[in-house]
1. Would you be able to say whether some residue in the range 126-137 is in a helix (DSSP H, G or I) and under 21 Å from E11 (Cβ atoms)?
2. Keeping to the range 1-34, report how many residues are under 11 Å from A151 (Cα atoms), acidic (D, E) and touching an Asp or Glu at 6+ places or on another chain (Cβ under 6 Å).
3. Name every residue in the range 19-43 that is in contact with a helix residue (DSSP H, G or I) (Cβ under 7 Å, 6 or more places away or on another chain) and open to solvent by less than 70 Å² (accessible area, probe 1.4 Å), in order of residue number.
4. From the set of residues in the range 97-107 that are under 10 Å from the mean Cα position of the chain (by Cα) and outside any loop (DSSP other than H, G, I, E, B), which is nearest to P178 (Cα to Cα)?
5. From the list R181, R190, R173, R166, exactly one residue is surrounded by fewer than 18 Cβ atoms within 10 Å (Cβ to Cβ) and under 18 Å from A19 (Cα atoms). Which is it?
6. Please verify whether R143 is at pLDDT below 95 and of a type in the set (D, E, K, R), treating the condition exactly as stated.
7. For F161, indicate whether it is touching a helix residue (DSSP H, G or I) at 6+ places or on another chain (Cβ under 8 Å) and open to solvent by less than 40 Å² (accessible area, probe 1.4 Å).
Amino acid sequence: MIDTIWLVHPERAMCDAFARPFDGLRNVRVVQGRFEDLGPHDCFVTAGNAFGIMTAGIDAAVVRFFGEELMARVQHRILNDYFGEQPIGTAFVLETGHASLPFLVHAPTMRVPGNIDGTDKVYCATWAALLAVQAYNNANGHRIETVAFPAMGTGFGGVPFDEAARQMAAAWRNYLDPPHRLDWEFVIERHRSVCYDGPRQVAK
């Protein structure tokens with residue numbers, strides 16, 4: 001299992017939004033700061049587009065840190081594994097070769113830059129990232145323990161801070177407490193945890 005997640009954003013308002021739905025969930029650290037200023041950790045999750053064009057937002061910061069070769073490797077993986085378009089709800093792990101941040105997860109929240117408010121894509125991308133790390137650890141002897149996330153979908157995606165935090169918290173909660181049965185009662189409960197904020201449906 002993943003040991004700890006970091007929730008990273010430079011704005012206090014987003015950090016406060018993280019704190020509310022993640023309250024009570026274990027192994028969570030909220031970090032107010034930029035990606036470039038983070039201390040050493042195992043893995044950072046990107047939140048870009050399905051084609052690996054990493055030229056804006058947090059993706060651009062990642063490329064500035066690692067170099068253009070990283071974007072070329074992301075795109076090469078998308079070309080080989082996904083025929084040039086990575087579906088939302090999938091993610092993969094790349095080794096970076098960097099001692100202080102050895103792994104990156106590419107987990108797109110959108111096909112192309114555009115508004116994704118009112119959808120469950122933040123949850124889907126966060127969930128996919130967690131599962132990709134879990135699969136990598138299962139195959140490689142648990143090498144990734146600390147995973148840092150940006151505020152998924154809040155840039156070009158236009159998802160409000162509170163809603164992005166709520167969907168990300170739902171993914172982490174579901175990861176920490178996996179089911180032991182699959183039936184319609186479970187499906188309804190899981191769907192409500194993702195798409196409803198209390199009694200109000202906020203995502204489709």
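1. There is at least one residue in the range 126-137 that is in a helix (DSSP H, G or I) and under 21 Å from E11 (Cβ atoms).
2. Final tally of qualifying residues: 0.
3. P21, F22, L25, V28, V30, F35, E36, C43
4. V105
5. That would be R173, the only listed residue that is surrounded by fewer than 18 Cβ atoms within 10 Å (Cβ to Cβ) and under 18 Å from A19 (Cα atoms).
6. yes
7. no
Residue-wise test of (1) within 21 Å of A139 (Cα to Cα); (2) of a type outside the set (V, I, T); (3) within 16 Å of the chain's Cα centre (by Cα).
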| residue | (1), (2), (3) |
| --- | --- |
| H9 | no, yes, yes |
| M14 | no, yes, yes |
| G24 | no, yes, no |
| M71 | no, yes, no |
| E95 | yes, yes, no |
| T109 | no, no, yes |
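The values are calculated or read from the model by the stated rules, or taken from the named source; none is laboratory data. This structure is a prediction, so every number in the text was calculated from the model and none was measured. Note that we place each Cβ from the backbone using ideal geometry, even for glycine, and neighbour counts take in every protein chain shown. The protein model used for the area step is the full one, side chains on, heavy atoms only, and it has no ligands, DNA or RNA in it. Shrake-Rupley method; radii C 1.70, N 1.55, O 1.52, S 1.80 Å.
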